[in-house]
Amino acid sequence: MTERKAIIETGWNLDNSYAQLPELFFTSLGPTPVRSAKLIIFNDSLATSLGLNGQALQSEEGAGVFAGNRIPEGALPLAQAYAGHQFGHFTMLGDGRALLLGEQITPSGERFDIQLKGSGRTPYSRGGDGRAALGPMLREYIISEAMHALGIPTTRSFAVVTTGELVIRETALPGAILTRVASSHLRVGTFQYAARWGSVEDLRVLANYTINRHFPKVEADENPYLSLLQEVIRHQAELIAKWQLVGFIHGVMNTDNMTISGETIDYGPCAFMDAYDPATVFSSIDTRGRYAYGNQPDIAGWNLARFAETILPLLHANEEQAVNLAQDAISGFTELYHRNWLKGMRAKLGIFNEEEQDESLVESLLSMMHKHHADYTNTFRALTFDTPKDMALFGTLEFAQWHERWRVRLSRQQESKAASKQLMQNSNPAIIPRNRRVEEALEAAVKQGDYSVMERLLNVLSNPYAYTSEQDEYSTPPAPSTCPYRTFCGT
């Protein structure tokens, strides 16, 4: 069997629409070959959904593709250019250690980016070596797949290979490459780059491409660029609400980390909240709490305002009218987010209909959780099955009073108690990727070469609403500690 035939039989069906954009937006180049590619984790179900032959890809040839040593048929590797506000400061950016191989067209006609992370230096590399360490690549695999299972729009993790090489950070670490799948890698920062360094025509081409790829229904609208802005706002309002509802903290909500498609992207210093506290920050570099849990909705609105600024020339020929259109659109984000969040909170409490006092009921519970350092996920889990565990919150008079308010509220809806309980079970995960469990899996993999801990974790995270006995041991919150948990940018 020839190498060409082996590659074709894996099922690659790659297109390269991004490569048809003006050259301003990318640099064509191939990945840097690695010394020894070894496939260590592979997402077989994702391969099937992409129309790929998982068995064929879990081979030496497949490992070569995921390492960048082999280029699949139809691929045109490129590094994307973009800019972004990082902690509020604007800078030129780009794929400094990632390459887009192409866009896989699935049997159903869907289009997904296939990107290698850690594939070598590019013209956009900033100080680093273009490579990635094993730990952060596995971390992204775990968290992104957990987010997918939770029903939150996200990029997906396809495979991780080790490279047989070391990367130097504070110490020498084993190198790895992650293959990431996304609806696209178009970012707010992509538009910022076009607005700063491109022409209005370049910006228009990018906007048209985005509409065609993600929002084709608005192409015929009277003002498709205003519709584009409104669609991006809507998708982000839904996404951030879903983050808040499960206690997810992204950690680095720079504008280059906000996708136009509304998918969660770039799992660097992210983590899930244990005890409820709006001020929770995990990222070691977020010293002022800019991207704290409670700030995420406001930061999303700020990022969307930056996106609106980039497309002002497309919204209207008159600058003042363009600004007014943008401001009107952006002003609706807060209400859209709040509506999604409150709808999700009602579901978490088993409430089907709407009453004016519902938000007060929710806020009272959150306030008690904050006061008593109650675990966010486990509080809602206990409410779902009315099985309060040994948590200080449940023994208080104020909780008893709140619980009676909640019981009375549920009695004012037509749906049965069983239906309410099912709604809660579908809305409150029994399990999240607890920080200590993620760290255990990473330590076993990186330091001992033992991937079984990670595989077990991925298995229990794959169906977070199942409420199985197997998930119980993974739901225990960490013991109180004087040393706060810290995450680091490594992806």
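Filtering segment 201-237 to residues that are of a type in the set (D, E, K, R) and within 27 Å of Thr334 (Cβ to Cβ) leaves Lys217, Asp221, Glu222, Glu231, Arg234.
Can you report the number of residues in segment 288-330 which are open to solvent by less than 50 Å² (accessible area, probe 1.4 Å), assigned to a loop (DSSP other than H, G, I, E, B) and among the small types (Gly, Ala, Ser)? Counting residues in segment 288-330 that are open to solvent by less than 50 Å² (accessible area, probe 1.4 Å), assigned to a loop (DSSP other than H, G, I, E, B) and among the small types (Gly, Ala, Ser) gives 2.
Here is a yes/no grid of residues against (1) without any contact (Cβ under 8 Å) to a residue 60 or more places away in the chain; (2) closer than 29 Å to Leu57 by Cβ; (3) surrounded by fewer than 21 Cβ atoms within 10 Å (Cβ to Cβ):
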site: Val161; (1), (2), (3): no, yes, no
site: Ile168; (1), (2), (3): yes, no, yes
site: Arg180; (1), (2), (3): no, yes, no
site: Gln192; (1), (2), (3): no, no, no
site: Pro216; (1), (2), (3): yes, no, yes
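In the set Thr377, Thr384, only one residue is under 12 Å from Tyr276 (Cβ atoms), open to solvent by less than 20 Å² (accessible area, probe 1.4 Å) and under 28 Å from the mean Cα position of the chain (by Cα); that residue is Thr377. Scanning segment 255-285 for residues that are open to solvent by 10 Å² or more (accessible area, probe 1.4 Å), within 30 Å of Leu393 (Cβ to Cβ) and in a loop (DSSP other than H, G, I, E, B) yields Asp274, Tyr276, Asp277, Pro278, Ala279, Thr280, Val281, Phe282, Ser284. Criterion first (of a type in the set (A, V, I, L, M), part of a loop (DSSP other than H, G, I, E, B) and crowded, with 18+ Cβ neighbours inside 10 Å) does Val34 satisfy it? Yes. Asp386 meets the conditions (1) among the acidic types (Asp, Glu); (2) over 23 Å from Ala430 (Cβ atoms); (3) modelled with pLDDT under 95 in every case but one. The failed one is (2). The set of residues in segment 111-136 that are farther than 18 Å from Tyr82 by Cβ, open to solvent by 10 Å² or more (accessible area, probe 1.4 Å) and either in a loop (DSSP other than H, G, I, E, B) or hydrophobic (A, V, I, L, M, F, W, C) (or both) comprises Phe112, Asp129, Arg131.
The residue of segment 301-330 that is nearest to Thr210 (Cα to Cα), among those that are free of Cβ contacts under 8 Å to residues at least 60 places away in the same chain and of a type in the set (S, T, N, Q), is Gln327.
The values are calculated or read from the model by the stated rules, or taken from the named source; none is laboratory data. Fair warning: this is a prediction, and the values are worked out from it, not measured in the lab. Don't worry about glycine lacking a Cβ; one is built from the backbone with ideal geometry, like all the others, and counts go over all protein chains shown. Ligands, DNA and RNA are excluded from the accessible area calculation, which covers all protein heavy atoms including side chains. Shrake-Rupley method; radii C 1.70, N 1.55, O 1.52, S 1.80 Å.
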